[in-house]
Amino acid sequence: MAYCMNEATMIQFTFKAGKIWDCVNNHMITDDFRCISEEKDLFEMVRLEEIDELNACFENIKRIKLIAADGATNYMRECVDSMDDATFDLWLKYHFSICERMDLIGATNHALDILEKHT
């Protein structure tokens, strides 16, 4: 299952983009900074605990891996885009070394939850 994560959205598209007050005034976030999604919206932002709550609704599944698909890359997109090949290879090595760290997954833009169903 793939997810768009709440915290990256709050950091990049509200505070960093200077739109936090628009979001507050238009009731687009809760008091604890959860993005509010409606059926008409294209995406719903989630937090790690919401992913776990959703998984708990299903019987006989086991998590194989939960991965930060892009990690910090979107926070520093211009820097990553300008890397030479050797530096980019090192960036990927770094990313793959941390992409399963639970303390960092909540801050990624996109997370991938790989599950296995047992019968």
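Restricted to segment 53-66, and to residues there that are within 19 Å of the chain's Cα centre (by Cα) and not hydrophobic (A, V, I, L, M, F, W, C), the residue that is least open to solvent (accessible area, probe 1.4 Å) is ASN55. Quick check on my filter: what residues within segment 76-119 are more than 17 Å from CYS4 (Cα to Cα), assigned to a helix (DSSP H, G or I) and among the acidic types (Asp, Glu)? Listed by number, the residues that qualify are GLU78, ASP81, ASP85, ASP89. Scanning segment 56-82 for residues that are free of Cβ contacts under 8 Å to residues at least 12 places away in the same chain and aliphatic (A, V, I, L, M) returns ALA56, MET76, VAL80.
The set of residues in segment 33-67 being of a type in the set (Val, Ile, Thr) and within 23 Å of PHE15 (Cα to Cα) consists of ILE36, VAL46. As a summary of the residue check, GLU50 satisfies the conditions (1) assigned to a helix (DSSP H, G or I); (2) open to solvent by 90 Å² or more (accessible area, probe 1.4 Å); (3) under 20 Å from LEU112 (Cα atoms) except for the one numbered (2). Evaluating TRP21 against the criteria (1) assigned to a helix (DSSP H, G or I); (2) at positive phi leaves one unmet condition, (2). Taking segment 1-47 as the range and being out of contact with any helix residue (DSSP H, G or I) (no Cβ under 8 Å at 6 or more places or on another chain), open to solvent by less than 80 Å² (accessible area, probe 1.4 Å), among the aliphatic types (A, V, I, L, M) and without any contact (Cβ under 8 Å) to a residue 12 or more places away in the chain as the test, the residues that pass are ALA17, VAL24, ILE36. The residues of segment 97-119 that are touching a Cys at 6+ places or on another chain (Cβ under 9 Å) and buried (at least 17 other Cβ atoms within 10 Å of the Cβ), listed by number, are ILE105, THR108, ASN109, ALA111.
The values are calculated or read from the model by the stated rules, or taken from the named source; none is laboratory data. Model, not experiment: these values are computed from the prediction. Cβ sites come from the backbone with ideal geometry, for glycine too, and all protein chains shown count toward neighbours. Calculation scope for accessible area: heavy atoms of the full protein, side chains included, ligands and nucleic acids excluded. Shrake-Rupley method; radii C 1.70, N 1.55, O 1.52, S 1.80 Å.
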